[in-house]
1. For segment A:288-302, which residues satisfy the criterion of being of a type in the set (V, I, T) and surrounded by 23 or more Cβ atoms within 10 Å (Cβ to Cβ)?
2. Given the criteria within 10 Å of another protein chain (Cβ to nearest Cβ) and in contact (Cβ under 8 Å) with a residue 40 or more places away in the chain, does A:A403 qualify?
3. Within segment A:1-54, how many residues are over 30 Å from A:R355 (Cβ atoms), buried (at least 18 other Cβ atoms within 10 Å of the Cβ) and charged (D, E, K, R)?
4. For segment A:381-396, how many residues meet the condition of being surrounded by 17 or more Cβ atoms within 10 Å (Cβ to Cβ) and either part of a helix (DSSP H, G or I) or more than 9 Å from chain B (Cβ to nearest Cβ) (or both)?
5. So is A:V20 in contact with a helix residue (DSSP H, G or I) (Cβ under 6 Å, 6 or more places away or on another chain), in a helix (DSSP H, G or I) and hydrophobic (A, V, I, L, M, F, W, C) or not?
6. Kindly list, by first and then second residue, each pair from a residue in segment A:1-19 that is of a type in the set (A, V, I, L, M, F, W, C) to a residue that is in a loop (DSSP other than H, G, I, E, B) and surrounded by fewer than 18 Cβ atoms within 10 Å (Cβ to Cβ), limited to pairs with Cβ atoms under 7 Å and residues at least 6 apart or on different chains.
7. For B:K116, are the conditions met, namely being surrounded by fewer than 24 Cβ atoms within 10 Å (Cβ to Cβ), part of a helix (DSSP H, G or I) and either touching a residue at least 24 places away in the same chain (Cβ under 8 Å) or away from every other protein chain (no Cβ under 13 Å) (or both)?
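Values quoted throughout were computed directly from the atomic coordinates according to the rules given, and no laboratory measurement underlies them. For clarity, every value in this text was computed on a predicted model and none was experimentally measured. We place every Cβ from the backbone using ideal geometry, glycine too, and count neighbours over all the protein chains shown.
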Amino acid sequence: MLKLPIYLDNSATTPVDPRVVDTMVPYFYEHFGNAASRSHPFGWQAEDAVDQARERVAKLVNASDKEIILTSGATESDNLAIKGVFDMYGKKGNHIVTVTTEHKAVLDTCKHLEKLGAQITYLKTDNEGNIDLNELESVVTDKTILVSVMYANNEIGTIAPIRQIADIAHKKGSLLFTDATQAAGKISIDVERDGIDLMAFSAHKMYGPKGVGALYVRRKNPRVKVTAQMDGGGHERGMRSGTLNVPGIVGFGKAAELAMLEMDADAARLSVMRDRLENALMQMEEAYVNGNRKSRLPHITNISFKYVEGEGLMMAFNQNIAVSSGSACTSASLEPSYVLKALGLGDDLAHSSIRFSLGRFNTDEQVDYTIEAVTKAVNKLREMSPLWEMFKQGIDLSTIEWAEH
Amino acid sequence: MAYSKKVLEHYENPQNVGTLDANKQEVGTGLVGAPECGDVMRLQIEVDPETKVIRDARFKTFGCGSAIASSSVATEWLKGKTIDEALTIDNMDIVEELALPPVKIHCSVLAEDAIKAAINDYRKKNGMPELQLDEKIVH
């Protein structure tokens, strides 16, 4: 029996793997100690557990445990990386390069720094979300202290050529930071192979708990430092104060270990499932996949169903299927996704998009149900859509004088 | 955000979806909104030439569930009213009927505008002076 609702919003967060929960539980009960308590067994046990988890997290991305700063999540890691580098490397320069399709945690941090005198270059992407490497090369200067490009995009899944981007950054002596929140634990990441200097990622996108993440900070070639953004007890080698979230960190470690063991099998299975979902939905007229289909995370597809509005469409099935819409009509802003707009999609297509993101616990049966429900909903809403009627009558919508409001 | 029961009812069983022949003398058509803004409403009325009573009302809407529900309610309310009575339909009545939250008030405004645009289209076609309407939508 198919159980509803079906969760296809794994890019927002993943369910915690029961094997992860099991490892966490003792650290709420008998091993409740503070990892910074050096004077008794409660503290020692907590510290040992954190050490083991840190090693597992490091191993997932081929880092050493000393290079992992544990944080509250990727947003904090993004802030710490960008602000921390800006504070630490002010002598070298004040220029940071990033991309218009980055997560808000990166973009808004950059905007914050602009007010403090940073010079930020926001690179545009092509219509698949790829940056132009020649353009990147032309904007990086001796004054550039950081190039910040996400490993894979959260809305469309497009994967960036991080190694090439890192090489361009390094040629001018800049550091390379990547927000790998969506990619870590899903595809192979190797900080050595990829030339990464700093990297943010979090547990809850890889079947771990919420509220725990990491910032990878390179220790060798070059030795990278960030200025702490919170004052306190000097935890995490002085870069991030605050009592460690021991159960969360233990869960993060287990999630990373499982990801390492199961990532390839998960990715292979999910990409087949994703392609099946995508191909079936693309059978409908006027459906468009957003993003780069060749270089893309295995579990995401973002599709625009032209002439229907995303939120209205989701309403047809969101009691039973959890997905997210690029149309942010649910928020007060009424703005469609800035990522899709940055790809050059018209507002009409941006308003019509749905992101499906699969995960470890999804089944073929759920995909079948989704194909049927979404197809039905799109057809139903198109029957109700004046735009669809006009399209069918051969009316060019761009010739109509809309009362924009 | 959870939708009100009324919005869900209208969304699931929208009343009066459809198209009237816009070329007919007794049909008035209002098309408001823009695809770029994420909502477009087309509302049509068919008016009895003698009594000026709205015999039929139809809509098609591109938009969120609240926009669809607002159009559905509007067409229900229009039927049986004269074109003058129809002008008294206020967007806040729709807000109340559907229990729309503040972020969705613009859907009701759009419906009110669509009603007025349809009536004006009818008036123009039938040699009546167009009504001067306040621009309600401010985004």
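1. Here is the first cut: in segment A:288-302, the residues of a type in the set (V, I, T) are A:289, A:300-301.
The answer is A:I300, A:T301.
2. For A:A403, the condition - within 10 Å of another protein chain (Cβ to nearest Cβ) and in contact (Cβ under 8 Å) with a residue 40 or more places away in the chain - is not met.
3. Within segment A:1-54, residues that are over 30 Å from A:R355 (Cβ atoms), buried (at least 18 other Cβ atoms within 10 Å of the Cβ) and charged (D, E, K, R) number 2.
4. Keep residues of segment A:381-396 that are surrounded by 17 or more Cβ atoms within 10 Å (Cβ to Cβ), which gives A:381-382, A:384-391.
Checking the rest, the ones that are also either part of a helix (DSSP H, G or I) or more than 9 Å from chain B (Cβ to nearest Cβ) (or both) come to A:381-382, A:386-391.
Adding up the residues that qualify gives 8.
5. On the way: in contact with a helix residue (DSSP H, G or I) (Cβ under 6 Å, 6 or more places away or on another chain): yes; in a helix (DSSP H, G or I): yes; hydrophobic (A, V, I, L, M, F, W, C): yes.
The answer is yes for A:V20.
6. A:L4/A:N320; A:I6/A:N320
7. Details: surrounded by fewer than 24 Cβ atoms within 10 Å (Cβ to Cβ): yes; part of a helix (DSSP H, G or I): yes; either touching a residue at least 24 places away in the same chain (Cβ under 8 Å) or away from every other protein chain (no Cβ under 13 Å) (or both): yes.
Taking the combined requirement at face value, the residue satisfies it.
Residues checked against (1) touching a Phe, Trp or Tyr at 6+ places or on another chain (Cβ under 6 Å); (2) farther than 18 Å from A:K186 by Cβ; (3) buried (at least 17 other Cβ atoms within 10 Å of the Cβ):
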residue: A:P247; (1), (2), (3): yes, yes, yes
residue: A:G251; (1), (2), (3): no, no, yes
residue: A:D275; (1), (2), (3): no, no, no
residue: A:M282; (1), (2), (3): no, yes, no
residue: A:E286; (1), (2), (3): no, yes, no
